[in-house]
Amino acid sequence: MSAELTAEQRDFQEHAERWLAENAPPPPPVRLPITAIEVMSETQRDYLQAWQRKCYEAELVGSDVPREYGGWGHKGCQRIANQEMSRAGTPFMLNVIGLTMAVPTILAHGNEEQKKKFIPGALSGEEIWCQGFSEPGAGSDMANQQTLAVRRGDEWIVNGHKVWTSLGHFAKWMILITRTSREHKYDGLTYFLCPIEGHPGVTVRPLVKITGESGFNEVLFEDVVVPDSMRLDAVGKGWTVAMTTLTFERGAAEGAGGGGGDEMPLDRRLIELAQESYRDGVRASDDPVTRDALVQQSIVAQGLRQNGRRARVPALNDHPMRLPLQGKVASSEFFQRGARLGVDIAGAHATLYKGDPKAPSAGHWPLAYLNSYGHTIAAGTSEIQRNILGERVLGLPKSK
């Protein structure tokens, strides 16, 4: 990658690599979930919040965000920071929704006051964000929003119900889509930066998943007062602003505030599992069928990495959305297949869940497999992504 970097980016890469080597985080006091959206306890939150703050102060978060809005003003360095954190195997960033969705959306659509007010706290992790898009009747059909905002002078009165709200139990702010007109489906939506924590009329209730985790919630709004100063962009432009958010959520644009830090890449982790797992006294890694499955998974992993590089070269993209959206579908299904392969390799031991001392990889694989269905649902289901690719990239007729 070094040949692709500018002098500033090479210096930044050296800084990131050196800083991470000298500032390894302490072991977590409790087990961490697989991703930020499953964080449940205050102990998990406090540990990850402190780590994000430290990375922010080292310029590894908010790297490319302008300095006047709390960032560090670099050019094309956030991706490098993310890669170096992943290479170092550091914990993930807690405020994933703030960093990857709220910050770039506010940069694109916010006024100067909003940028200066909201972005610094999101970057440092001091102020956690959640996303208020999905509703009981508006999941994949996001334009079917029913949460209603009625104007009253310089305020809006919000009533409605949001679901699948990851980190809502810790969030201070929510990126919120509401309906402000019943007469127009798309032009009747308006986007707000809504206060959540301790705000009158807001009720957050945990939702327990099949994994036993409750990192996401439902949020109810009952006569919630939101100042008009919290509106992002114009009244009726909520759909346009939401598309900006989804572009970043789906990984189809760079410019987010951060989010690096990850566990060992999935393909390498699967190989280690196969080397440690035995069947009838023979290592799973010596089984030809398992070896073939591992090779196929590694091929896809390498393809995803190279497509990520290609997506950053404008001359290699015949359509600006094709590779990023294709990558979202492919990576979501890659993680799901990989987790299933991990369960297969572990065999009968995969029935041992987290907390069981005899569970392979501390029970990671059954947990990862159950969680993997979130990858193919979040940010638009795989079916929705394929429709978008077919209609907007390939020019196929709409399915209905």
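Would you mind calculating the relative contact order of the chain from Cα pairs under 8 angstrom and at least 6 residues apart, reporting the percent as a whole number?
Working: 710 pairs, mean separation 57.1, N = 400.
Taking the mean separation of contacting Cα pairs over the length of the chain, I get 14 percent.
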Would you please give the residues with an amide H less than 5 Å from that of Gly132, counting only those at least 5 places away or on a separate chain, with H modeled from the backbone geometry?
Ile175, Leu176, Ile177
I'd like the Karplus ³J(HN,Hα) series for segment 327-341: coefficients 6.51, -1.76, 1.60, θ = phi - 60°, whole numbers in Hz, and an x wherever there's a Gly or Pro.
x, 5, 5, 5, 6, 4, 6, 4, 5, 5, 5, x, 5, 5, 5
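What number, rounded to the nearest 500 deg cm²/dmol, is the helix-based mean residue ellipticity at 222 nm of the chain, given -39500 (n - 2.57) per DSSP H run of at least four residues and division by all its residues?
Numbers: 11 runs with 151 residues, N = 400.
Using -39500 (n - 2.57) per qualifying helix, the result is -12000 deg cm²/dmol.
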7 Å from Cα along Cα→Cβ at both Asp287 and Glu113: what's the point-to-point distance in nm?
6.3
Using a 10 angstrom cutoff on alpha carbons, build the Gaussian network for the chain and name the most mobile of Leu148, Leu352, Leu325.
Leu352
Counting Lys +1, Arg +1, Asp -1, Glu -1, what net charge surrounds Ser134 among other residues with beta carbon under 11 Å of its beta carbon?
-2
Which whole-Hz ³J(HN,Hα) couplings does segment 172-180 yield from phi under the Karplus relation 6.51 cos²θ - 1.76 cosθ + 1.60, θ = phi - 60°, glycine and proline marked x?
8, 9, 10, 7, 10, 9, 10, 9, 10
Residues with amide H under 5 Å from that of Gly73, placed H, sequence gap 5 or more:
Val65, Arg67
If you average the alpha carbon positions of segment 338-400 and of segment 76-101, how far apart do those two centres end up, in angstrom?
21
Which whole-angstrom value gives the distance between the alpha carbon centres of segment 277-334 and segment 18-74?
27
Under the Karplus relation with 6.51, -1.76 and 1.60 and θ = phi - 60°, whole-Hz ³J(HN,Hα) for segment 353-363, x at Gly and Pro, equal 9, 4, x, 7, x, 9, 6, x, 6, 6, x
In a Gaussian network model over the chain where Cα atoms closer than 10 Å are linked, find which of Gly62, Gly380, Gly355 has the largest mean-square fluctuation.
Gly355
Can you give the relative contact order of segment 266-393 as a percent, counting alpha carbon pairs under 8 Å and 6+ residues apart?
23
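Every number in this text was worked out from the coordinates using simple rules, so none of it is lab data. Everything quoted here is computed from the prediction, not taken from an experiment. Because the Cβ atoms are built from the backbone with ideal geometry, glycine has one as well, and the counts that use them run over all protein chains shown.
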